[in-house]
1. Mind checking which residues of region 471-482 are buried (at least 23 other Cβ atoms within 10 Å of the Cβ) and either farther than 16 Å from residue 128 by Cα or over 18 Å from the mean Cα position of the chain (by Cα) (or both)?
2. Being modelled with pLDDT under 95 and open to solvent by 30 Å² or more (accessible area, probe 1.4 Å) is the filter; apply it to region 298-326 and report the residue that is nearest to residue 247 (Cα to Cα).
3. Looking only at strands (runs of 3 or more DSSP E) that lie completely in region 66-117, which have at least 2 residues being touching a residue at least 60 places away in the same chain (Cβ under 8 Å) and more than 20 Å from residue 153 (Cα to Cα)?
4. Only one residue in 199, 249, 194, 284 is within 18 Å of the chain's Cα centre (by Cα), among the basic types (Lys, Arg) and open to solvent by 10 Å² or more (accessible area, probe 1.4 Å). Which one?
5. Can you give me the ranges of the strands (runs of 3 or more DSSP E) entirely in region 400-453 with at least 2 residues that are of a type outside the set (Gly, Ala, Ser) and within 28 Å of residue 73 (Cβ to Cβ)?
6. Which one is surrounded by the fewest Cβ atoms within 10 Å (Cβ to Cβ), of the residues in region 118-133 that are outside any strand (DSSP E or B) and either on the phi > 0 side of the Ramachandran plot or among the aromatic types (Phe, Trp, Tyr) (or both)?
7. Looking at region 15-38, can you tell me whether even one residue there is assigned to a helix (DSSP H, G or I), open to solvent by 60 Å² or more (accessible area, probe 1.4 Å), farther than 23 Å from residue 380 by Cα and at pLDDT below 90?
8. Of 485, 538, 556, 456, which residue is basic (Lys, Arg), in contact with a Leu (Cβ under 7 Å, 6 or more places away or on another chain) and either open to solvent by 50 Å² or more (accessible area, probe 1.4 Å) or modelled with pLDDT of 95 or more (or both)?
Amino acid sequence: MKTLAAMIAAAAALALAPAASTIRFEELAARAGLQFTANSSPTEYKNQPETMVAGVSLLDFDNDGYLDVYFVNGAAIPSLKKESPMYWNRLYRNNRDGTFTDVTEKAGVQGEGYGMGATVGDFDNDGWADIYVVNVTANHLFRNNGDGTFTDVAPKAGVASPMLNGKKMWSVSAAFLDYDNDGQLDLFVSNYCKWEVNKDPWCGPSPKLRAYCHPKNYEPLPDTLYRNNGDGTFTDVSAAVGIDKHPGKGMGAAIGDYDGDGFMDIFVANDNHPNFLFHNLGAKKFEEVALQSGTAYAEGSNVISGMGADFKDVDNDGRPDIWHTAIENETFPLYRNTNGGDFFDVTAKAGLWGTRQMSGWSNGIFDFDNDGWKDLFVARGNVLDNIARFSIRKYEEPNAVFRNLGKGQFQDVSAQAGEDFQKAAPHRGVAFGDLDNDGRIDAVVTVLNGKAKYFRNTSQNQNNWIQLRLVGVKNNRMGIGAQIRLTLEDGSRQYNQVTTATGYACSSDPRVHFGLGAARTISEIQIKWPNRVTQTLRNVAAGQVLTIEETQGPPR
């Protein structure tokens, strides 16, 4: 039963809502040549990883100005190896005409083990985007050679195997960030639980029918932080900074400077375990502050099935908020950052109480209709398969999009988002970016043991936009962690940051997108680089992808 607060919030959202959604998508994967099928190798043993495949990343690997697509895939069971091309990870090059070409073999990014997800960053600052792949088995760090090929340097770099008690931990998500602001991208990895192939417990619903087990049946793992040494290698500093003291069941990982001190903090959505908010105390230590900050539990102080996460400002007040997904009967909690240290669960007040009827995986906070307010998108699908047949649960679900009506009030506009958007499937990963450079944010979604979907944004309106591609010089080359404040002619402001880590096991466009509404000119763009140098541009025209190279000057 809905609470009174939830009913009031829903009524308020309807009162504010427009007659029809301006957010629409058309599914074009087949026509575009994105012929990827995720393969989790499902077995009668119901191995836990089988229900969790897999992530997708968007990156411009060839520096032609267009986003390419990298899919992560599973492997054969019980070998946990990619025994045939049906298990390969796949890289698709954007042909800049609405189509893509599979260049996996030439690029050498097929992978070897059982994959979960990937994140993107230029770890060696050479101007070419690299790919870090997280697996149940050994992880990969594909260094971009700049000639269309990649080399796996993970063993040499020291990031192949996050370890606990002599065993490689099962990694699910990752995020590049410069946690110590030294100009080199470091690497955070969220790890899930202790698991061995074909040794999962027997989990009902009957002695004759086996299902995937609840996470409570598995022991938790700590997360991992690698410091970039600046010479192509990394050092595991998890113990030194205090992160390894907190075992959990890490799923989505997202970064944001929630207290405005200039150092990136890390949020981890945990599966049936309190969430983590690792507060960066200034490059040498982290403290876990989820409980005192109000982000450990959802409304009602319950542990829920944390899945994907994003860390962005939804109400344009200059403070990044946190939104993560879960499964049905739990809501997708939205934590509003109120003063740079305290978060409040505003899920019901924001009009998101209806998410209790949904199961979600990867997600993202982006402005899909370019009206100046960031919207919410979630890839939906239930965790279980055979149990769904014997209950009211639906294994396959349509995706969902929630339009921001202003100041963090949302309305579910999925039903008006186009015919293609209504089709149900066991969706898992979703990555976001402007694949055709038309100023509208698109989405690429993976389907468990099914064909991937490419949702091209076809929203029709007169709203303007701008995308910023930052190039660091003294800071990391991709500008990850840079904070941006945009001021329009009417005095209104928007805020965002450079990051690629979004959702569950996914990585999105590193370019920072702003919807501008009717504005044709931006009065001011202020960039605060990770080293705290501030760079300002004035009177910038809308409707362009603008590359901004870092200029030097004293911090101010």
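The values are calculated or read from the model by the stated rules, or taken from the named source; none is laboratory data. Given the structure is predicted, the values throughout are model-derived calculations rather than measurements. Cβ coordinates were reconstructed from backbone atoms using ideal geometry, including for glycine residues, and neighbour counts include every protein chain displayed. The protein model used for the area step is the full one, side chains on, heavy atoms only, and it has no ligands, DNA or RNA in it. Shrake-Rupley method; radii C 1.70, N 1.55, O 1.52, S 1.80 Å.
1. Going residue by residue through region 471-482, those that are buried (at least 23 other Cβ atoms within 10 Å of the Cβ) are 472, 475-476, 478-482.
Those that are buried (at least 23 other Cβ atoms within 10 Å of the Cβ) and either farther than 16 Å from residue 128 by Cα or over 18 Å from the mean Cα position of the chain (by Cα) (or both): 472, 475, 476, 481, 482.
2. Restricting to residues being modelled with pLDDT under 95 and open to solvent by 30 Å² or more (accessible area, probe 1.4 Å), the top hit is 303.
3. Numbers: elements: 68-71, 90-94, 100-102.
Fully inside region 66-117 and qualifying: 100-102.
4. Going through 199, 249, 194, 284 in turn, just one is within 18 Å of the chain's Cα centre (by Cα), among the basic types (Lys, Arg) and open to solvent by 10 Å² or more (accessible area, probe 1.4 Å): 249.
5. 427-433, 442-447
6. Taking the candidates together, the pick is 127.
7. yes
8. Of 485, 538, 556, 456, the one residue that is basic (Lys, Arg), in contact with a Leu (Cβ under 7 Å, 6 or more places away or on another chain) and either open to solvent by 50 Å² or more (accessible area, probe 1.4 Å) or modelled with pLDDT of 95 or more (or both) is 456.
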